[in-house]
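Values in this text are rule-based calculations from the coordinates and carry no lab data. None of the values given here were measured: they were computed from a predicted structure. Because the Cβ atoms are built from the backbone with ideal geometry, glycine has one as well, and the counts that use them run over all protein chains shown.
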Amino acid sequence: MKNFKIILLVLMFACFVTASCVSEKGVQKEQINKLNQQEIDDGWMLLFDGETSNGWRGYNKENFPAVGWEIVNGTIHCIGSGRGEAGHGGDIVTEKAYKNFELELEWKISEGGNSGIFYMGKEKKEQPIWQTAPEMQILDNERHPDAKKGKDGNRQAGALYDLIPAKPQNAKPAGEWNKIKIYVNEGLVEHWQNGEIVLECHLWTIDWEKMVKESKFSVYPDFGEYQEGHIGLQDHGNDVWFRNIKVKEL
């Protein structure tokens, strides 16, 4: 009788663990590249369906890059080329331009990797997107040399690249998912990283103009000057993955 009770307890525990795992996997699967009803009611739209490149194309191109990028395991993956900023497939952008919006996504970078998220970028011939678009930095802070360049950490993950550092600096290590939000509304910009607001600034103000003049962007007169533009993901020559990309227009 005692042995029977022990066997029964073991079986009950095994069933509980199995049910818990299935439940956890089910919730996780439901959260990837999907909107819940509350998000739909609040006006959020998916920018990536998890299976296709719909809604995205190469910068200054009509189609999604044939090389350098792939849709794999529910992610948009920039395939590392080892060519640095020369990249391989080039940057990609949303087909639609946005003015006032909230953008949320998750990113994961390879060891020693570098990438970025552009917003309000204009497509211009023979001119890369970073010359017009502010950029939220994506970086392996532990290994990439850019983490120690710039000023006060303004080239580390979550920063408004080369302008304002992310504080607190709460990026997760290479190989782990980071969740971000970029809020843009009538010149007010907020960067959120892993649940915390890490910077705030106001575009087109005297302070903004002074800050830009003291940065690498001083030689680009239309940097950060557009009130509407494309969201972009950077090909910086390193492996980087994106998922759960969604936007809400304000």
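A few comments on the model shown:
- Computed over the stretch 138-246: relative contact order in percent, which uses C-alpha pairs under 8 Å that are six or more apart: 16 percent
- The smallest convex shape that holds all Cα atoms of the stretch 170-250, its convex hull, gives 139 Å³ per residue.
- Placing +1 on each Lys and Arg Cβ and -1 on each Asp and Glu Cβ, with no other charges, gives the chain a dipole about its Cα centre of roughly 800 debye.
- The simple Förster model, with R0 at 45 Å and r as the Cβ-Cβ distance, assigns R143 and I40 a FRET efficiency of 0.70.
- Shape call, the stretch 99-142: gyration tensor on alpha carbons, a/c limit 1.5: oblate
- Burial ordering of E142, E126, fewest other beta-carbon atoms within 10 Å first: E126, E142
- When the chain is described by a simple charge dipole with +1 on each Lys and Arg Cβ and -1 on each Asp and Glu Cβ, the residue from W192, S215, N100 located farthest towards its positive end is W192.
- Summed over qualifying helices (DSSP H, 4 residues or more, each -39500 (n - 2.57)) and divided by its residue number, the chain shows a 222 nm mean residue ellipticity of -5500 deg cm²/dmol.
- For the chain: relative contact order, % (alpha-carbon pairs under 8 angstrom, 6 or more apart): 28 percent
- Between the stretch 217-250 and the stretch 92-106, the Cα center-to-center distance that results, in Å: 8 Å
- For a label point 7 Å along the Cα-to-beta-carbon line of S218, residues of the stretch 163-201 with backbone N under 15 Å: 163
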